[in-house]
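The values are calculated or read from the model by the stated rules, or taken from the named source; none is laboratory data. Being a predicted model, the structure only gives us computed values, none of them experimental. In this analysis, Cβ positions are derived from the backbone assuming ideal geometry, glycine residues included, and neighbour counts consider all displayed protein chains.
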């Protein structure tokens with residue numbers, strides 16, 4: 001359960017840290033504050049955010065690879081998600097090139113040309129990210145909602161947990177569809193003078209919401225939200241484990 005808490009905590013902490021860092025990075029000496037359009041573009045940040053982005057994703061990936069869930073399917077999906085998280089960190093979104101300033105798909109001259117190695121690195125990154133978010137949603141909508149070993153699927157608290165998992169999963173899917181809808185729009189519309197989406201950094205916002213929803217579901221799964229969502233036998237077991245005699 002501690003690994004589940006780590007997964008949930010890291011998934012929530014990453015977007016919150018990057019967003020807070022961007023808002024207050026103006027206090028750093030000799031640093032031009034940048035709020036990147038996506039979480040992935042913090043890879044190109046020349047301050048602490050790059051190390052936090054890569055380190056958190058790699059750490060999250062390793063934890064998920066070693067995680068052993070309630071059944072073999074959950075463990076295998078977690079391992080696959082861990083590999084994808086590491087790929088997202090190791091294969092940057094625009095290749096191994098250095099972006100200057102805020103990434104802007106409409107006017108950024110450093111975008112790699114189609115067919116170049118850097119372009120293929122970006123394809124690996126995007127593909128890994130899409131599959132990762134799909135697995136995060138699958139955890140919430142399917143795996144976490146299965147009946148536990150005790151068969152407590154119809155208990156009041158199990159139904160509560162399932163509702164939280166369902167809402168978290170729908171939130172992730174909704175955020176993915178919103179981002180996909182934006183990228184399916186033609187370049188002319190995306191690069192219009194208004195560019196409200198980019199001005200509000202909505203790709204970052206939706207990615208952050210999806211990660212926080214996923215992290216919340218793992219905290220619920222790990223008993224990290226306290227005893228109020230546990231079944232009676234689970235609450236009694238947890239109380240025994242926390243007692244001085246058990247320690």
(request) Considering (1) modelled with pLDDT under 90; (2) surrounded by 19 or more Cβ atoms within 10 Å (Cβ to Cβ); (3) on the phi < 0 side of the Ramachandran plot, say which one residue 26 fails and leave the rest. (result) (2)
(request) Quick one: residue 192 ticks every box in (1) assigned to a helix (DSSP H, G or I); (2) over 26 Å from residue 79 (Cβ atoms); (3) at pLDDT 55 or above except a single one, so which number is it? (result) (1)
